[in-house]
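The values are calculated or read from the model by the stated rules, or taken from the named source; none is laboratory data. Note that the structure is predicted; figures quoted are calculated from it, not measured. Ideal geometry is used to build each Cβ from the backbone, glycine not excepted, and the neighbour counts take in all protein chains shown.
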Amino acid sequence: MKAAGQLAPLTSLDFDERELLQIQRNELVLLLQDPYRLNHYADHVVQAQSALLQPVNPELTQALSQTIEYLIQKLSASKKILKPKRFNALQRWFGSDVEYISKQVSFYREIDHALKRADDLSQQLQKEIQASQERLNDLASLRVQMAKYIHAAEGFLHEYPKFSAQRPFDHFAERLAKKVESLATLQSSNDIVITQMQLSQQLSFSLLDRFKEAQQVLLPAWQYHIDQYVQRDSQNAVEALDASREQLIHNLKRALLRAKN
């Protein structure tokens, strides 16, 4: 994933003069005959950009973050809930052992449910990030196209005195200059949104990446140490279980921290 960075100024972009000349001949010269259409110059580029200025769905990122926070809470409570406990005959007679085991089973179900929800959300978020990248790629192309229209109009303004003798009172040059300024201002505003889209995408990607690491590596390790702890009930098993749980919690907290920064 590329880091979000400052976009190159439109004035720094170079174009083939033939491309600019084509816009001048096919569009700007025609506007001399129909000045009203000047209001719609480069409109298709403006509208295309407007339709694409959508960041990664924040509701998905928020939902995944909340689910991860829930997992952290459950994992933090697991040390007490999953700890093997011995019951005397009287406690077993009253069913304390069954109740305790029932709580553990319920805990595992809650963890599994949260993990399934997080996995579903992560898949949706991954698709959203891919769609966001496609929008950013299209916006990059449209940004170049906008720069072409601005450069072509600026060049046409230099050539306009050749036509102005025939049209001394139409104010075309003044109107075209204002249109160029308006397009440049609009693009500057769009560039801010594009940068925000890049940042939103990167934060979502970081959250997704950290969750996948926890899901695919740290969570299986934690579950393995639970099994070892239950089977052996030794000090080494306790330490290994505690270490794996804390590493998993630390990783999930780091994912949330990056998503919020």
Task: Residue selected from segment 109-123 under the condition of a type outside the set (D, E, K, R) and surrounded by 15 or more Cβ atoms within 10 Å (Cβ to Cβ), by the criterion modelled with the lowest pLDDT - done: I111
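Could we say that I129 is more than 28 Å from Y41 (Cα to Cα) and in contact (Cβ under 8 Å) with a residue 40 or more places away in the chain here?
On the way: more than 28 Å from Y41 (Cα to Cα): yes; in contact (Cβ under 8 Å) with a residue 40 or more places away in the chain: yes.
For I129, the condition - more than 28 Å from Y41 (Cα to Cα) and in contact (Cβ under 8 Å) with a residue 40 or more places away in the chain - is met.
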Task: The listed residue being surrounded by 14 or more Cβ atoms within 10 Å (Cβ to Cβ), in a helix (DSSP H, G or I), at pLDDT 85 or above and on the phi < 0 side of the Ramachandran plot, out of L32, L75, L142 - done: L142
- [ ] Output yes when any residue across segment 181-190 is at pLDDT 70 or above, over 30 Å from L13 (Cβ atoms), assigned to a helix (DSSP H, G or I) and out of contact with any Asp or Glu (no Cβ under 6 Å at 6 or more places or on another chain), and no when none is.
- [x] no
Open item on the list: When you scan segment 98-108, do you find a residue that is modelled with pLDDT of 85 or more, assigned to a helix (DSSP H, G or I) and more than 26 Å from M197 (Cα to Cα), even just one?
Closed with: no
